[in-house]
Amino acid sequence: MTTTITITGAGGQIGYALLFRIAAGDLLGPDEKVRLRLLEIPQGLGAAEGAALELQDGAFGLLEHVEVTDDPAVGFDGCDLALLVGARPRGPGMERGDLLAANAGIFGPQGAAIAANASPDVRVTVVGNPANTNALIASASADGVPAERFTALTRLDENRARAQLAQTLAAPVDTIRRVPIWGNHSATQFPDVSHATVAGRPVTEALDAIVGDVPSWLTDTYIPRVAKRGAEIIAVRGSSSVASAANATLDHVRDWVHGTDDWTSAGVMSHGEYGVPAGLISSFPVLSVDGEWQIVEGLEVSDWARARIDASVAELIEERDAVRSLGLL
Ligand code: NAX
């Protein structure tokens, strides 16, 4: 079997970190051949072409073909997995509305090109920010492709949330489970430890012995640390998260294709679950079953958690309404 994977923004930083891991089998395993389509804008073609040359020099046995293009119809032709990484960053003096509009101008046409050219069961993962709203725009422009096929990456936030708990509890990170992210991939996101466990024991109980006042620690230390981790990386590294973002993208897509054995987080289309208005792409606790994301339902949500979910969802509504008011949705 060969899977065709399209990476937009393939000449950028995250693209560069993704390509070699995909070619090495880190996404689909050691038996699945891959065909890569690197979609860029004209200014990014050189970097993508250079990456394609290096992919050749990697002599990857799983890599069947690499194509570099700036034509979305070619880029999404026969695409099974679309990783929409390329986006317009916020430039100097750019207002939020300008940013949303500029990205609508990218993700709308890409959604249409996916509908026209990709394989019928295409799975789309939006990484480029603002990821949730970009995914919504792409989905709205992709006539005939079910909305469930469009997702936004919030797995990096979840990985950060689990890693911070692991560090505080001095526990191996893979013993920490069920730490969903709710809402938007932004500073309003809500990393939720209410149902989390460490080696099967409630995380809140384990935290109690270490941090003392758990609610204050969550509010003042943990949630801001997770939500602002991207800014922390920029401050320390001098550049935004790249390898960890690529790693989380692979986690997201791998789980979507191969399934999960426990909850994870993804930005998926709401049908009104947990009071999140239908038609928004919001992060939820999810399971991947038979190749489809399912929102974990029936969880108890405290008033404290409710307020945080509502605040992040309010931001998603604002973003959607801003794009709508520009006639772009
Ligand atoms: P770079 O600026 O290094 O790369 C972006 C690339 O996209 C450039 O090569 C550019 O030419 C290309 N591009 C722009 N418009 C395009 C279009 N219409 N079609 C195809 N390619 C296009 O950024 P990088 O560090 O790779 O980050 C990419 C995106 O990921 C950004 O929007 C960033 O904000 C977002 N992130 C999202 C994260 C998440 O968890 N959802 C975390 C990491 C990252 O911040």
In Å, descending, principal axis extents of the Cα set of the chain: 55, 46, 41
Segment 181-250-segment 1-44 distance, computed between alpha-carbon centres (Å): 28 Å
Relative packing of 113-121, 136-144, 233-241, which averages over residues the other C-beta atoms within 10 Å, highest first: 136-144, 113-121, 233-241
Long-range HN-HN contacts of Gly78 with modeled amide H, under 5 Å: Ala118, Ser119
The chain, helix-only ellipticity at 222 nm - DSSP H runs n ≥ 4, -39,500 (n - 2.57), divided by all residues, nearest 500: -13000 deg cm²/dmol
Hydrodynamic radius by Kirkwood, which averages 1/r over all alpha carbon pairs of segment 2-152, in angstrom: 15.3 Å
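Could you report segment 2-152's accessible area per residue, 1.4 Å probe, as an integer in Å²?
39 Å²
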Net charge over other residues, Cβ less than 9 angstrom from the Cβ of Arg160 (K, R count +1; D, E count -1): +1
Span per principal axis, largest first, for the Cα atoms of segment 268-328 (Å): 36, 32, 12
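Local charge sum around Pro42 (other residues, Cβ-Cβ under 14 Å, Lys/Arg +1, Asp/Glu -1)?
Neighbourhood net charge equals -4.
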Accessible area per residue in Å² at 1.4 Å probe, computed on segment 155-320: 42 Å²
Tensor-based shape of segment 201-329 (alpha-carbon gyration tensor, a/c under 1.5 rounded, otherwise prolate or oblate): rounded
Phi-based couplings in Hz for segment 223-239 (Karplus 6.51, -1.76, 1.60; Gly and Pro marked x): 4, x, 4, 5, 5, 10, 5, x, 5, 4, 4, 4, 5, 7, 8, x, 7
Karplus (6.51, -1.76, 1.60) ³J(HN,Hα), θ = phi - 60°, over segment 267-272, in Hz, Gly and Pro reported as x: x, 10, 5, 7, 10, x
By accessible area with a 1.4 Å probe, ligands and nucleic acids excluded, highest first: order of Lys33, Lys228: Lys228, Lys33
Accessible carbon and sulfur surface of the chain relative to its total accessible area, %, 1.4 Å: 52 percent
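The values are calculated or read from the model by the stated rules, or taken from the named source; none is laboratory data. Model, not experiment: these values are computed from the prediction. Counting neighbours? That spans all protein chains shown, and the Cβs are built from the backbone with ideal geometry, glycine included. Side chains included, ligands, DNA and RNA excluded: accessible areas come from the protein's heavy atoms. Shrake-Rupley method; radii C 1.70, N 1.55, O 1.52, S 1.80 Å.
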